[in-house]
Amino acid sequence: MRRATMLFLAAARALCPRIAPQPTRRSIIRAAKSKVTKPRYATGKAKAVYRGEGLGAPSYDSAPIASSGLPDTSKPYAVLGIETSCDDTAAAIVRSDGTILGEAVASQHEVHAKYGGIVPGLAKEAHEKAIDAVVDEALQQAHLTMEDIGAVAATVGPGLEICLRVGARKAAHLAAKYEKPFLHCHHLEAHCLVARLEEQLEFPYLALLVSGGHCQLLWVQGVGDCSVLGGTLDDALGEAYDKAARMLHLSSETGGGPALEQAALRGNTTAIDLPVPMKKRKDCDFSYAGLKNALRGRVAERRDERGLSDEEQLPDQDVYDLAASFQSVAIEHVEDRLKVAFKRVINEAGSAPTLALVGGVAANAELRRRVSAVASQAGWRLVVPPPRLCTDNGVMVAWSAIEKASLGFSDEIDEEVEVIPRWPFREHAAPEPVKIAVKLASKAERATAAAA
Ligand code: KG4
Ligand code: ZN
């Protein structure tokens, strides 16, 4: 592999841990911002670690309406939201009252299944192939055309740069061509805000965000106003599920997490002894690398006990037991951290005992069940979006744009749109945008398109 490509992959992998490992010889054989509005987020690193300084930070100080304008908020309007930050190409049309009018997703599990993780170049190509059809499908379902749309939004970060570009570029083109307001979406914030779409959920609330790249406890005080109570020191929960599924040769066209969840249904949760991470620590941070390594060890032990060679599969029941035991311990770690966070929020904020469980892993039925039990035992209300709104989707992008627009924010459409691959929740820090050139239609072209 060329050195430049290797460096690019190493950098990309640091941003998205679900990226496929660089193929070794063995694995090859085996596998044959427009100006960014800068909301104030509390200090915190993407994969870790903010331990204090109280809760919350002030919200937006002022309301910069960009020259792309705002939708007419005096009556219901529809927003087109586009999401391409990782391995799902998604679009949706959501009305400003929260009604979902149309939605479409093209998932790439099949594309990446044989590589053991997400291959950025293939993900970008798959987004490029799917994006037009996905947007058209969402519009058709909504029985709307672009003329009927009130605003266009796209995820601009965090995520894989070359993938973010596809959605941001498509959204900017459409916004410019049809002269619509344009809004940026912060992917993690959108996961948190979509919990407010179908249920009455007032700020502030505690959010447990569990996805492929993130595992955080967040105090969500408002739009653009979110503090990090704790994050993962190493792997995210979804990443741990994906890696465990790969160790058990479960990776399938449904993706690692769902495959492991299915296998666990047939297993015994206490069959395999695995350590619960950071049992003695009483903070809100997570760690899944130790559990992952312990699982690797147990898999090897089982293989030895059964006298299996590298090529031979473990018996199905062993796989089910390993999956069930892994899932049970992984969730016990979540329960432990939640109990600490519950106490901390009550101590520091005094009230608002509502928890939102969000992000791709929140689609997991066993996690939902056990988090619900812990929450109700502690007297907390739990809000969990339906599974299809937990994994990456266009609805959350459109909805976060509606939340932003209702506060008077929008973003510019320039000759260049910026995407922000690394965009952790942080306070007062300007994100480092990566400029991407988006060639917009000229005024004359737009006039011709409008007349047609
Ligand atoms: O939020 P998401 O769709 O994309 C990111 O922002 O990362 O989350 C994807 C992650 C993947 O790691 C996937 O395996 C996991 O969520 N996931 C699940 C389930 N559905 C998705 N993990 C466990 N059980 C599930 N049912
Ligand atoms: Zn996500």
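Laid out as a table, the results:
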{"read-out": "GLU110-LEU407 pseudo-label distance in nm [points 7 Å out on the Cα-to-Cβ vector]", "value": "4.1"}
{"read-out": "Above-threshold pairs, the threshold being 18 Å between Cα atoms, out of LYS75/LYS404; LYS124/LYS170; LYS279/LYS339; LYS114/LYS170", "value": "LYS114/LYS170"}
{"read-out": "Ranking of ARG303, ARG281 by count of other Cβ atoms within 10 Å, fewest first", "value": "ARG281, ARG303"}
{"read-out": "Separation of alpha-carbon centers, region 102-129 and region 312-385, rounded to whole Å", "value": "28"}
{"read-out": "Mean separation of Cα contacts under 8 Å (6+ apart) over length of region 209-384, as relative contact order %", "value": "25"}
{"read-out": "Extension reserve of the ASP316-GLN141 stretch, reckoned as 0.36 nm per residue once the Cα distance is removed", "value": "58.9 nm"}
{"read-out": "Estimated vicinal HN-Hα couplings, Hz - region 138-152 in sequence order (Karplus 6.51, -1.76, 1.60; Gly, Pro = x)", "value": "5, 5, 4, 4, 7, 6, 10, 10, 4, 4, 7, 7, x, 6, 10"}
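Values in this text are rule-based calculations from the coordinates and carry no lab data. Bear in mind that the values here come from a model prediction, so they are computed numbers and not experimental data. Cβ coordinates were reconstructed from backbone atoms using ideal geometry, including for glycine residues, and neighbour counts include every protein chain displayed.
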